[in-house]
Structure formats: C-alpha cells, structure tokens
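Below: the structure, in structure tokens.
We did not get these values from a lab; they are worked out from the coordinates using the rules stated. Being a predicted model, the structure only gives us computed values, none of them experimental. All Cβ positions, glycine included, derive from the backbone under ideal geometry; neighbour counts span all protein chains shown.
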Amino acid sequence: MSVNNTQPQAYRGRFAPSPTGPLHFGSLITAVASYCEAKSQQGQWFVRIEDTDIPRIESGSISHILACLEHFEFELDAPILYQKDRLDLYHQAIETLKQQQLVYACQCTRKMLGSNAIYSGACRHRQLDFEHQAIRVKVTDQAICFQDQLQGEHCSNLQQDLGDFVLLRRDGIFNYQLAVVVDDALQGITHVVRGADLLDNTARQIWLAQLLKAPTLNYMHLPLAMNKHGQKLSKQNLAQALDFNKAPQLIQHALQCLGQAPVELDRPSKMLKQAITQWSTEQIPRHTCLNGIFE
Ligand code: GLU
C-alpha cells in the first residue's frame, strides 16, 4: 500500500505538544518549523494540547506551553484545542471501528506479554467483552509506505514490526495514535511537521486514518536537537525548560539549528515574520542539529 497525496489543498498545519513536562529547545524547533512551513505557504497554524494521558501530565506544563506561545508571539489561527475535552470523539471512532470488527478487546497484561515487542494477536479471536478491557486494532501483513518530505521514503509492515496495537488502555486512557488521527482529521490538518522521534509512529497513524476513512496527510519529520553530549533533548533526559524571557535569542538559535538564514534580533513576531519570508525547507538538516548554546 502506498500513500501519496498529490491533490493541492490549502495548507493547515499544527503544533501538538503533550503537557508531560515544560517545553524545551526541541519543542521550539518543532513549533518554529511547523509555523514557518505553514505561513510560508499562506497556510494556517493550529495548536492542540495532547493531554489524554492524565497520569503523565505534569502540573505547570500547560501554563508553561501557554506562556511560551505568548512570549514567542506565535499567531494562532484558532483557539487552542485540548484533547481532554474531546474524549467523546475518540469513543465514537472506536465505535466506528467496532462496527466493522476492526478492533477487539484484549486481556493481555504487560506482564503476560513480557519483553516481546510484537503482539502475537493472542486475544484476536477470543471475542472478549469490551467492558473494562484494553482495545486493540487489527493490522495486516502489508507494507505501509509514505514519502516524508525530509526523511524520504519510509515503510513499515505493522504486523511484522508491531502486531495489533492498543487504542484504548484498560485504565480508560486513549492511546496517542488514535487521538492524533481523529483530531488531525477533524481539524482538517493537511501537513504534519514534527520531530523525527515520531517517524516510527506514522505508519500506525496512516493505517488508522485509512480505517477511519480520514484524509491522507503530508509528513515532515524534523532533525532532533542534541545537547553537547550528543544526547537527544527530551523530557526524559531532563532537557532544560525554555526560558521564554530569552525568546529572541532562542528563535535565532532555533533557526540556526534548522539551517535557515539568520534573522536580526528584534521582537519575536518580527523575527518570525522575517524567518517566514526567507524560509527554505531545502536547508533543513535531515537528522540532527546541535543545541550547544543553551544546554
Ligand atoms: N504530542 C506529541 C508529543 O508531544 C506530538 C504529536 C504529533 O505531533 O503528532 O510528542
């Protein structure tokens, strides 16, 4: 199966942080790149807070995200959307899949599955009741391929690489893969620009979008910002929270990481405007970029 989107559409991009910690320099790279990509193509840019995984939400991180958006002076084309307000929509998507017998209840616990990363489909034919169980979606033995704007062609066979995967956890939490597909479709998103750490999720999302008859999206996976020790900046390795009082300097540095021509130090909105006029996707490095100044 090959996914190729050739129809011209009005560009609708988004930035979709999870409030599992404060935004860091890697998040800024994603925000700046998705914003400039959208705006340089006369597109719209939306922000969605991905707060479905309640146990992992860190108090204070939503207010940090909001403060960053304000201080970096990004212009949003609609009010921010919160996934926690949209749980009914994810339930409806599961219902649609249930009606077509594309999902099933699964009793296997993490302990039962052990270290086996590929789910064997043990519960596929057990016809378990859906109540209080995890729900998995069926996958098939075929390659799902897409053309990433920066990373080139990427293929994955979900059955061989992963097996049927969880959409709703036993504790009632919707999996990121489902929420992201439902929301991108309902928000009319056309282009996804995000970190390359999410590249491996894309085949799952394309598969779900096909099952839900959602439109195919265009993807661009950005280079990962590294610290001076060569580690990817992430919440796990305690990347420093963005200091929004240094917004102009941080914008300059993000643009440098993204291979873009420098912009003059000014107020953030002006710097972003200049960055949009000189924006060049071709200059973005493919894999990593160094954040040697602030980490
Ligand atoms: N919420 C995800 C994260 O913060 C990003 C989702 C996406 O851009 O598709 O890692």
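Along each principal axis, taking the top coordinate minus the bottom one, the Cα set of segment 144-278 gives 49, 32, 28 Å in descending order.
Using θ = phi - 60° in the Karplus curve 6.51 cos²θ - 1.76 cosθ + 1.60, the 3J(HN,Hα) couplings for segment 262-277 round to x, 10, 6, 5, 7, 6, x, 4, 5, 5, 5, 4, 5, 4, 5, 5 Hz; x is entered for Gly and Pro.
Viscosity 1.306 mPa s, temperature 10 °C: what is the translational diffusion coefficient of segment 206-250 from Stokes-Einstein with a Kirkwood Rh over Cα pairs, rounded to a whole number of µm²/s? Stokes-Einstein gives a translational diffusion coefficient of 113 µm²/s. Our helix-only sum for the chain, with -39,500 (n - 2.57) per DSSP H run of n ≥ 4 divided by its residues, gives a mean residue ellipticity at 222 nm of -9000 deg cm²/dmol.
Using square roots of five times the C-alpha gyration tensor eigenvalues, list the equivalent-ellipsoid semi-axes of the chain in whole Å, biggest first. Provide the component values of the computation, followed by the final result.
On the way: eigenvalues 235, 82, 68 Å².
Semi-axes from the Cα gyration tensor: 34, 20, 18 Å.
Projecting label points 7 angstrom from Cα along Cα→Cβ for Arg286 and Gln100 puts them 3.5 nm apart.
For Ile54 and Gln92 in one chain, what is 0.36 nm times their gap in residues minus the Cα-Cα distance, to one decimal in nm?
Numbers: separation 38, 0.36 × 38 = 13.68 nm, distance 1.99 nm.
Computed gain between Ile54 and Gln92 is 11.7 nm.
When the chain is described by a simple charge dipole with +1 on each Lys and Arg Cβ and -1 on each Asp and Glu Cβ, the residue from Ala67, Gln41, Ala134 located farthest towards its positive end is Ala134. Rounded to the nearest 5, the antiparallel percentage of DSSP beta bridges internal to segment 178-295 is 10%.
Scalar couplings 3J(HN,Hα) for segment 137-147, obtained by applying the Karplus form with A = 6.51, B = -1.76, C = 1.60 to θ = phi - 60°, are 9, 6, 10, 10, 8, 8, 7, 10, 10, 8, 9 Hz; x denotes Gly and Pro.
First measure r as the distance between the Cβ atoms of Arg169 and Ile276, then evaluate 1/(1 + (r/R0)^6) with R0 = 45 Å and state the FRET efficiency to the nearest 0.05. Calculated value: 0.70.
Within the listed set Asn245, Asn218, Asn157, the residue fluctuating most in the Gaussian network model of the chain (springs between alpha-carbon atoms under 10 angstrom) is Asn245. Working note: Karplus 6.51/-1.76/1.60 with θ = phi - 60° gives segment 123-131 the couplings 9, 3, 10, 8, 6, 6, 5, 6, 3 Hz, where Gly and Pro are set to x. For the chain, modelled as a GNM whose springs connect Cα atoms under 10 angstrom apart, the maximal fluctuation among Tyr104, Tyr35, Tyr119 occurs at Tyr119. Once both labels are modelled 7 Å past Cα along the beta-carbon direction, what's the Asn116-His154 spacing in nm? Here the answer is 2.7 nm between the modelled labels. Of the residues Arg136, Arg48, Arg169, the one that moves most in a GNM of the chain with alpha-carbon contacts below 10 Å is Arg169.
Only one residue of Ile94, Gln83, Ser115 has its Cα farthest out toward the positive end of the dipole of segment 27-118, where Lys and Arg carry +1 and Asp and Glu -1 on Cβ, and that residue is Ser115.
Judged by a Cβ-Cβ distance under 4.7 Å, the unpaired cysteines of the chain are Cys36, Cys68, Cys108.
Which entries in the list Lys213/Lys273; Lys39/Lys98; Lys39/Lys246; Lys39/Lys138 go over 27 Å, if you measure between the two C-alpha atoms of each? Mind dumping the intermediate values first?
On the way: Lys213/Lys273 36 Å; Lys39/Lys98 39 Å; Lys39/Lys246 23 Å; Lys39/Lys138 38 Å.
Distance filter (> 27 Å) returns Lys213/Lys273; Lys39/Lys98; Lys39/Lys138.
Dipole magnitude of the chain about its Cα centre, charges +1 at Lys/Arg Cβ and -1 at Asp/Glu Cβ only, in debye to the nearest 20? Write out the running numbers ahead of the final one.
Details: 27 positive and 29 negative charges, 94 e Å.
Value, rounded to 20: 440 debye.
Taken about its Cα centre, segment 231-280 carries a charge dipole of about 140 debye when Lys and Arg each add +1 at the Cβ and Asp and Glu each add -1 at the Cβ. Under a 5 Å amide H cut-off, with hydrogens placed 1.01 Å from N, Arg14 pairs with Phe46, Val193 among residues at least 5 apart or on other chains. In terms of overall dimensions, the C-alpha atoms belonging to segment 123-192 reach 42, 30, 15 Å along their principal axes, ordered largest to smallest. Once the Cα atoms are used to define both axes, helix 176-186 deviates from the longest principal axis of the chain by about 70 degrees.
Averaged over all directions, how much area does the convex hull of the C-alpha atoms of segment 74-207 cover when projected, in nm²? Mind dumping the intermediate values first?
Details: hull surface 38.7 nm².
Averaged projected area of segment 74-207's Cα convex hull equals 9.7 nm².
Only the Cβ atoms of Lys and Arg (+1) and of Asp and Glu (-1) were treated as charged; on that basis the dipole of segment 103-200 about its Cα centre amounts to roughly 480 debye. With the charge dipole of the chain set up from +1 on Lys and Arg Cβ and -1 on Asp and Glu Cβ about the Cα centre, the Cα lying farthest toward the positive end among the listed residues Gly195, Leu158, Pro262 is that of Leu158. Once the chain from Leu186 to Lys228 is taken as fully extended at 0.36 nm per residue, the excess over their C-alpha distance is 11.1 nm.
For Gln151, the residues whose modelled amide H falls within less than 5 Å of its own, excluding neighbours fewer than 5 places apart on the same chain, are His221.
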